[in-house]
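Below you'll find the structure, written out as structure tokens, and then a few comments.
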Amino acid sequence: MTFPTITFTHKNVSPDPTLQTLVSNKLKSLEKYLEGARSVRCEVEIERTTAHNHGPVCRIEANLWRGDRLARAEATEETFEKAIDEVRHNLEHELERAHDKRVSMFRKGARRIKDMMRWGK
């Protein structure tokens, strides 16, 4: 499966094709966690906060649906590049955690079936 098309939303910032390309390239590295998914959808919100001019004013939020499961990450940093790196890291952490949990639950069920076959309980 290839990474889905990303729906971009912009607030207080003009749409920048280079920023959208950067976001797409960074999030494509998460493709390995989406193997076997029937439906995948991704939405990214890019925003520049208006409360102040210095410090963390660049905000990126990403929602990634894998079937009916939602992985969500949000970061506010000084630059959009730092924010997208943080978002990608958080999404990867969530997807990896969900994958590990699914594998461990499968193995737990397999051990239980093996015990039932062995002991008849």
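Derivation of every value follows stated rules applied to the coordinates shown; laboratory data play no part. Remember, predicted model here, so these are calculated numbers, not experimental data. Virtual Cβ from ideal backbone geometry, glycine too; neighbours counted across all protein chains shown.
Values for this structure:
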{"read-out": "Those residues of the range 57-95 whose amide nitrogen sits under 19 Å from the label point placed on residue 5, 7 Å along Cα→Cβ", "value": "63-67"}
{"read-out": "Mean-position separation - Cα centroids, the range 70-86 and the range 19-60, in angstrom", "value": "7 Å"}
{"read-out": "Anchor residue 101: lysines whose Cα lies under 27 Å away (excluding residues fewer than 8 positions away in-chain)", "value": "26, 28, 32, 114, 121"}
{"read-out": "Highest-MSF residue in the chain out of 38, 97, 111 [GNM, Cα springs under 10 Å]", "value": "111"}
{"read-out": "Karplus 3J(HN,Hα) series, Hz, for the range 97-113 with 6.51 cos²θ - 1.76 cosθ + 1.60 (x for Gly, Pro)", "value": "5, 5, 5, 4, 5, 5, 5, 5, 5, 5, 5, 4, x, 5, 4, 5, 5"}
{"read-out": "Descending principal axes extents, the chain, alpha-carbon based, whole Å", "value": "68, 28, 19"}
{"read-out": "Of 79, 18, 49, the one that fluctuates the most in a GNM where the chain has Cα springs shorter than 10 Å", "value": "18"}
{"read-out": "Rel. contact order, % - alpha carbon contacts under 8 angstrom, at least six apart, the chain", "value": "21 percent"}
